[in-house]
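The values are calculated or read from the model by the stated rules, or taken from the named source; none is laboratory data. Keep in mind the model is a prediction, meaning the values are calculated, not measured. A quick note on method: Cβ atoms are made from the backbone with ideal geometry, for glycine too, and the neighbour counts reach across all protein chains shown.
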Amino acid sequence: MMSLYRLPPLPTIREIIKLYNLRAEKQLSQNFLLDLKLTDKIVRKAGNLQNAHVCEVGPGPGGITRAILNSGAEELLVVEKDTRFLPGLKLLNEASMGKVRIVHGDILTYRMDKAFPRHLQKAWSDDPPNVHIIGNLPFNVSTPLIIKWLEEMANRTGPFVYGRTRMTLTFQHEVAERLTAPTSSKQRSRLSIMAQYLCQVKHCFSIPGRAFVPKPEVDVGVVHFSPLIEPKIDQPFKLVEKVVRNVFQFRRKYCYKGISMLFPEEQRTKLTEQILTSADVEPTLRPSALTMKHFQGLCNAYREMCEQDPHLFSYNFREELHQKKVKRNQDTQKTPQITL
Ligand code: SAM
């Protein structure tokens, strides 16, 4: 059944902000979207929300919340950290005849695996469930949150216990570009690989900073994530993360430099040659020029090497450097002082 529900006439978001004295808190990086055309456009990018179960993160004064309710969603869970927004959200709950479930809490710790009824669960290989995540969060929250959700996607935990839950989120424009950057682009980075090996990632559109109140320093990108049935790298998230982090840590150098740091100094030359040959990677490619297939080869080869040497995965070259420095300092202190 198509839901033809629309919210009854309500005070505008601007009036809500005035009514409840909701001045944006600079400390919490709050920037509100008051333009209904834009809030509708974000929600349209999430896909068809008829009878959907939606979690909106950081609803604030409720602009996107209204657009979600008008799109035919059956249930809307909102997770908001700032108590000042709760009365306005309660008003929306009444106007929508109880469709809004309000959680006062922090999305970084909220248990999404328990948020929706179990009957919504779909097998991973099935079509995505009718469960969506939508949000315009502060930039300092959206980046750690997407890393956490990517790990949960890989492990099929958190919001992904329901299946391939889709997400539509805003990021600082530059982060949106990194998330979606193709091979050889200037923005190609750790975030590009971590997102693209697990999902289809689309930079839907950009919103100029001036559309927000107050205006942030930068423009904003709306990004849609749709988890893949088969991840492009079939290895544990932590292993992929380690390989990718190493590759990009010397992003201006040839890729072998970062890759070599996966190995202890005494075996470095031999094992670097071994992994590059096994993954069919040219040592003089720049990290940004590596394709997903290259990363897949590197992760598979590294996994095999870790199986042969169980200590390898815990090796961290920065720790080795630190230990050497400590030892050097101790040795210098032990050297007898010669007074003339
Ligand atoms: N969605 C609203 C909009 O587009 O106008 C508000 C956007 S404002 C950039 C971010 C919102 O996220 C604020 O309401 C803020 O209080 C909330 N928020 C910030 N950190 C949060 C967290 N860790 N968990 C839940 N909400 C959070």
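For segment 184-198, residues that are among the charged types (D, E, K, R) and assigned to a loop (DSSP other than H, G, I, E, B) total 2. Taking the criterion of being outside any loop (DSSP other than H, G, I, E, B), closer than 26 Å to Leu145 by Cα and within 15 Å of the ligand (Cβ to nearest atom), would at least one residue in segment 5-24 satisfy it? No, because not a single residue in segment 5-24 is outside any loop (DSSP other than H, G, I, E, B), closer than 26 Å to Leu145 by Cα and within 15 Å of the ligand (Cβ to nearest atom).
How many residues are surrounded by fewer than 20 Cβ atoms within 10 Å (Cβ to Cβ), among the hydroxyl-bearing types (Ser, Thr, Tyr) and in contact with a strand residue (DSSP E or B) (Cβ under 8 Å, 6 or more places away or on another chain) when one looks only at segment 17-57? The number of residues fulfilling the criteria is 0.
Checking Thr272, Thr284, Thr332 one by one, the residue that is of a type outside the set (D, E, K, R), within 22 Å of Arg190 (Cα to Cα), in a helix (DSSP H, G or I) and more than 27 Å from the chain's Cα centre (by Cα) is Thr272 and no other. Is it the case that segment 219-227 has a residue that's acidic (Asp, Glu), without any contact (Cβ under 8 Å) to a residue 12 or more places away in the chain and under 26 Å from Lys37 (Cβ atoms)? Looking through segment 219-227, none of the residues is acidic (Asp, Glu), without any contact (Cβ under 8 Å) to a residue 12 or more places away in the chain and under 26 Å from Lys37 (Cβ atoms).
Ser206 satisfies every condition listed in (1) in a loop (DSSP other than H, G, I, E, B); (2) without any contact (Cβ under 8 Å) to a residue 40 or more places away in the chain; (3) under 25 Å from Ala67 (Cβ atoms) except (1). Whenever a residue of segment 151-167 is over 20 Å from Val222 (Cβ atoms), its partners that are among the basic types (Lys, Arg), lying with C-beta atoms within less than 6 angstrom and at least six residues away or across chains, give the pairs Gly163/Lys122. The set of residues from segment 288-325 being modelled with pLDDT under 95 and surrounded by 10 or more Cβ atoms within 10 Å (Cβ to Cβ) comprises Asn316, Phe317, Glu319, Glu320, Leu321, His322, Gln323, Lys324, Lys325.
Counting only strands (runs of 3 or more DSSP E) that fall entirely inside segment 37-146 and contain at least 1 residues that are near the ligand (Cβ under 8 Å from one of its atoms), the qualifying elements are 53-57, 75-80, 131-135.
The residues of segment 289-319 that are in contact with a Ser or Thr (Cβ under 6 Å, 6 or more places away or on another chain) and part of a helix (DSSP H, G or I), listed by number, are Ala289, Ala301.
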